[in-house]
1. Can you work out which of the residues in region B:95-110 that are facing chain A (nearest Cβ under 8 Å) and in a helix (DSSP H, G or I) is most open to solvent (accessible area, probe 1.4 Å)?
2. Among the residues of region B:141-150, what is the count of those that are open to solvent by 10 Å² or more (accessible area, probe 1.4 Å), more than 7 Å from chain A (Cβ to nearest Cβ), outside any helix (DSSP H, G or I) and not acidic (Asp, Glu)?
3. Quick one: which residue in B:Asp176, B:Asp183 is charged (D, E, K, R), under 21 Å from B:Leu112 (Cβ atoms) and open to solvent by 70 Å² or more (accessible area, probe 1.4 Å)?
4. Would you mention how many residues in region B:215-247 are part of a helix (DSSP H, G or I) and open to solvent by less than 30 Å² (accessible area, probe 1.4 Å)?
5. Being in contact with a Phe, Trp or Tyr (Cβ under 8 Å, 6 or more places away or on another chain) and assigned by TED's automatic domain parsing to the domain that holds A:Val173: is that true of A:Met144 here?
6. For residues that are under 15 Å from B:Ala6 (Cβ atoms) and either open to solvent by 10 Å² or more (accessible area, probe 1.4 Å) or outside any strand (DSSP E or B) (or both), tally how many sit in region B:30-48.
7. Within region A:50-62, which residues are open to solvent by less than 50 Å² (accessible area, probe 1.4 Å) and of a type outside the set (Phe, Trp, Tyr)?
8. From the set of residues in region B:170-191 that are part of a helix (DSSP H, G or I) and closer than 26 Å to A:Met130 by Cβ, which is farthest from the other protein chains (Cβ to nearest Cβ)?
Amino acid sequence: MVHRQDARWRVCLALIGLIAVSAGTFQRWWLLAGVALVVAVLWWYSQLSLLQFLKRWLVVLPAILGFALLFLLSSGFQAGWLKAVELAVRITLAVAVVFVLTATTPVPALLHALGRLGLPSLLLATAAFMHRYGSVFVDELQRMRRARECRSFHPNLFAELRDMGWFLAVLVVRAFERSERVYAAMIARGWQPENGWPEPIAPRMVTAAGRKPGGENTPSTHD
Amino acid sequence: MTRPLALRVSDLTFHYPDGRMALESISFEITEGESVAIIGPNGAGKSTLLLHLNGVLPGRRRYAHSHDFPVPEHQHTDEPRVWVYETPVVEANYPEVRRMVGLLFQDPDDQLFCPTVLEDVAFGPRNLGYSTEEAVRIAREALAAVGLEGYEDRLPQHLSFGERKRVCLAGVLACDPKIVALDEPTSNLDPRARRQFIELIRSLERTTLIATHDLELVLELCERVLVLDHGRLFADGPAEELLGDERLMEKHGLEVPLSLRYGRRVPE
């Protein structure tokens with residue numbers, strides 16, 4: 001059901017959800033409960049994966065634990081743990097809202113919706129490039145790690161941290177070089193910086209003939 | 001009837017910011033409809049030369065000298081060094097020149113930067129001033145021309161390397177350029193994808209300039225070869241004659257293609 005709604009509605013609904021979560025506390029529990037209820041209903045309708053959600057939630061877990069420790073140290077155990085639990089609930093709900101949005105909306109449709117809702121073209125371009133090149137850099141990182149392991153690397157915490165620093169430095173340099181080549185490719189096809197980033201094309205126009213909008217973007221296995 | 005001059009390069013010199021010479025006094029001409037290969041070892045300046053054809057490099061990089069490398073005597077000038085159909089490649093003419101010269105980059109990830117395949121192929125036509133609807137129609141035709149119908153809403157990162165290369169070519173063709181400049185079009189392709197790509201290039205029917213290490217491809221598609229090494233043009237002549245010259249090939253880090261060496265060229 002959620003997949004069939006206009007992406008702009010989904011973005012607006014998610015935005016309202018995030019505002020409600022940020023305004024919600026245990027005193028205003030009805031705000032948090034309302035968001036949780038809507039998320040749960042949409043989750044159930046969309047049949048989303050709990051495992052995928054937990055993977056995203058794990059990314060924010062260090063932040064939750066860090067703040068929890070801070071609250072315990074600054075407010076004492078009695079008041080601190082309540083604040084920590086409250087924050088954990090709010091962050092978890094916020095992650096759930098974003099998860100429902102991103103799991104039911106392909107990124108191109110999301111970008112189009114954000115463009116139609118008036119997101120400045122520079123931010124739109126940044127989001128589009130992050131989505132396009134994030135996986136390219138992750139691939140490069142994995143290749144470097146594999147190359148390291150092929151040369152009899154014995155992992156330990158110190159070496160892992162040191163190498164991660166090197167890898168990130170190399171990736172920054174490569175990203176800079178790639179950005180120059182991408183810029184060259186853009187102007188080679190007639191783009192001019194003063195034109196700004198073109199507005200994303202509506203998903204209904206992008207969709208291949210005979211396929212449903214927002215259909216699966218399955219990786220190609222041949223060639 | 002004599003064919004018009006498609007491309008003229010005259011005394012083109014370019015060096016990088018550290019002073020390393022990339023191109024040194026390059027001059028040649030290409031007539032309309034010719035298919036020309038630029039060959040040479042790594043670092044010969046092939047890609048740099050292609051980037052000059054539609055003004056991608058000189059407009060952004062007027063480097064001052066540094067002293068890391070000895071730089072031969074030359075003058076910096078704003079005078080045009082490249083002409084496309086007699087239009088000088090200078091800043092004022094960039095839109096026109098970029099409409100005439102289509103550039104295929106070596107790494108498809110550099111050229112495929114839009115969220116979906118169709119948006120990427122439509123990028124050029126939209127920059128040329130077509131409406132979104134018209135650009136989408138042109139992009140669909142270009143995708144069909146490279147055999148990728150049905151790929152419109154695919155994400156570039158989910159395509160194979162060969163498919164990404166073909167989408168890049170569709171992006172170039174969508175701009176309907178008179179000259180197509182291809183940088184290592186068959187590198188990293190498996191034999192089937194390479195064969196598909198060669199047939200696509202053969203079907204282009206435009207002035208074609210190919211920078212490549214794939215000398216068998218050169219024999220198949222190009223009647224003329226330019227040999228570039230250390231930024232200098234060492235030879236310009238018929239493909240079979242130059243590629244069969246063992247001394248020339250070895251001197252510039254190349255080798256005679258096996259099909260020429262053993263006379264095993266498959267008749268077309």
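The values are calculated or read from the model by the stated rules, or taken from the named source; none is laboratory data. Keep in mind that what you see is a predicted model, and the values were worked out from it rather than measured. Backbone-built Cβ (ideal geometry, glycine too); neighbour counts: all protein chains shown. What goes into the accessible areas is simple: the full protein's heavy atoms, side chains included, and nothing from ligands, DNA or RNA. Shrake-Rupley method; radii C 1.70, N 1.55, O 1.52, S 1.80 Å.
1. B:Arg99
2. Number of matching residues: 1.
3. Details: B:Asp183 fails: open to solvent by 70 Å² or more (accessible area, probe 1.4 Å).
Every option except B:Asp176 fails the conditions.
4. Quick first cut of region B:215-247, residues part of a helix (DSSP H, G or I) only: B:215-221, B:239-243, B:246-247.
Subset that is open to solvent by less than 30 Å² (accessible area, probe 1.4 Å): B:215, B:217-219, B:221, B:239, B:242-243.
Result for region B:215-247: 8.
5. Values: in contact with a Phe, Trp or Tyr (Cβ under 8 Å, 6 or more places away or on another chain): yes; assigned by TED's automatic domain parsing to the domain that holds A:Val173: yes.
When the stated conditions are applied, A:Met144 passes them.
6. Result for region B:30-48: 5.
7. Of region A:50-62, the ones open to solvent by less than 50 Å² (accessible area, probe 1.4 Å) are A:53, A:60-61.
Answer for region A:50-62, where residues must be open to solvent by less than 50 Å² (accessible area, probe 1.4 Å) and of a type outside the set (Phe, Trp, Tyr): A:Val60, A:Leu61.
8. Within region B:170-191, the subset part of a helix (DSSP H, G or I) is B:170-173, B:191.
Checking the rest, the ones that are also closer than 26 Å to A:Met130 by Cβ come to B:170-172.
On the way: B:Ala170: 12, B:Gly171: 7, B:Val172: 8 Å.
Per the stated criteria, the residue is B:Ala170.
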